[in-house]
Amino acid sequence: MAKLIDGKALAEKIQGQLAHKVAELKAEHGIVPGLVVILVGDNSASQVYVRNKERSALAAGFKSETVRLSDSTSEEELLNIIEHYNQDSAFHGILVQLPLPAHINDKRILLAIDPKKDVDGFHPMNTGHLWNGRPQMVPCTPAGIMEMLHEYEVDLEGKHAVIIGRSNIVGKPMAQLLLDKNATVTLTHSRTRSLPEVAKQGDVLIVAIGQGHFVTKEFVKEGAVVIDVGMNRDEDGKLIGDVKFDEVEPIASLITPVPGGVGPMTITMLMEQTYQAALRSVTKYDY
Ligand code: GUN
């Protein structure tokens, strides 16, 4: 039987430490971290995520602003809003919630965010820093997973880590962070041949494929550490992960639940990264 990785408890612990750091920053430098979240359109999942980010920012003692824009907002309008926040020193973090409506070129939008305020870590400059082995702003979900592996003392040195899913948000940055810890990394995806056999080689298995209950016991090595990034709804509207938890849990040594695993850590790392951006704005930082 696996031990549960309690993402909720770890998130609360980090948020408690963050509250102290935010108070210190205010006392020493007179600044409050500021986060603006920009949402275009009415995607229902995005609305929930954005509301949670707003709530967490306020709970962390940040200045928080949410810009809600209609589906018909043009790319130029959105670029103008980003430029406004790039120039506004009260905001240290700018997050544009994805996905954007189809008429907006998301690459152009992400490129417009000041890399120093890119708390999502999606700007090509931050992607480059990450691949150079000098991470600055790191995508929040992989950053949260690294925190969990550290907290639960998972030794990555020389271990085989298999990632399922190659997105820019999770899979690709995750690979680099694991490489930094000297893991041997296999980055798999929906077209990988014999995926269960490949996944079964993983001492650590990270699943971010976006399909409910995709990973069954056939994918999992005895004693593996299993991290489930999935957030899917089943026919009854219940939140389920990408991993068939009941089947995999008896085989794994450590496993994240859904909910209460990766989700709370993602949002916590967003807050941590906004704080770091605020701190860098008042301290000399050598890139
Ligand atoms: N949509 C789904 N995940 C994310 C994320 O981490 N950041 C942003 N900006 N949009 C998302």
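The values are calculated or read from the model by the stated rules, or taken from the named source; none is laboratory data. This is a predicted model, so every value here is computed, not measured. Here the Cβ is made from the backbone with ideal geometry for all residues, glycine too, and neighbour counts use every protein chain on show.
Given the criteria in contact with a Leu (Cβ under 9 Å, 6 or more places away or on another chain) and touching a residue at least 24 places away in the same chain (Cβ under 8 Å), does residue 195 qualify? Spelling it out, it is not the case that residue 195 is in contact with a Leu (Cβ under 9 Å, 6 or more places away or on another chain) and touching a residue at least 24 places away in the same chain (Cβ under 8 Å).
Listed by first and then second residue, the pairs with beta-carbon distance under 7 Å, at least 6 apart or on different chains, first residue in the range 23-44 and hydroxyl-bearing (Ser, Thr, Tyr), second at pLDDT below 95, form an empty list.
Criterion applied to 228, 180 was being within 16 Å of the ligand (Cβ to nearest atom) and among the acidic types (Asp, Glu), and the one residue passing it is 228. Scan the range 124-131 and give yes if some residue there is in contact with a Leu (Cβ under 7 Å, 6 or more places away or on another chain) and either among the aromatic types (Phe, Trp, Tyr) or surrounded by 18 or more Cβ atoms within 10 Å (Cβ to Cβ) (or both), otherwise no. The answer is no; no qualifying residue exists. Here the condition is being within 23 Å of residue 232 (Cβ to Cβ), among the hydrophobic types (A, V, I, L, M, F, W, C) and within 15 Å of the ligand (Cβ to nearest atom); of 39, 10, it holds for 39 alone. Against the test of being more than 16 Å from the ligand (Cβ to nearest atom), in contact with a Lys or Arg (Cβ under 7 Å, 6 or more places away or on another chain), touching a residue at least 40 places away in the same chain (Cβ under 8 Å) and not β-branched (Val, Ile, Thr), the options 270, 254, 279 yield a single qualifying residue, 254. Look at (1) surrounded by fewer than 18 Cβ atoms within 10 Å (Cβ to Cβ); (2) in a loop (DSSP other than H, G, I, E, B); (3) in contact with a strand residue (DSSP E or B) (Cβ under 6 Å, 6 or more places away or on another chain) and you find that residue 252 fails only one, number (1). Determine which single condition residue 226 fails, assuming it passes every other condition in (1) closer than 30 Å to residue 46 by Cα; (2) touching a residue at least 12 places away in the same chain (Cβ under 8 Å); (3) not in a strand (DSSP E or B). Looking at each condition in turn, residue 226 falls short on (3).
State yes or no: is residue 120 at pLDDT 95 or above, in contact with a Gly (Cβ under 8 Å, 6 or more places away or on another chain) and either closer than 30 Å to residue 42 by Cβ or not small (Gly, Ala, Ser) (or both)?
Details: at pLDDT 95 or above: yes; in contact with a Gly (Cβ under 8 Å, 6 or more places away or on another chain): no; either closer than 30 Å to residue 42 by Cβ or not small (Gly, Ala, Ser) (or both): yes.
So residue 120 fails the test.
Considering the range 171-200, and only residues there that are of a type in the set (A, V, I, L, M) and within 17 Å of residue 133 (Cα to Cα), the residue that is surrounded by the fewest Cβ atoms within 10 Å (Cβ to Cβ) turns out to be 179.
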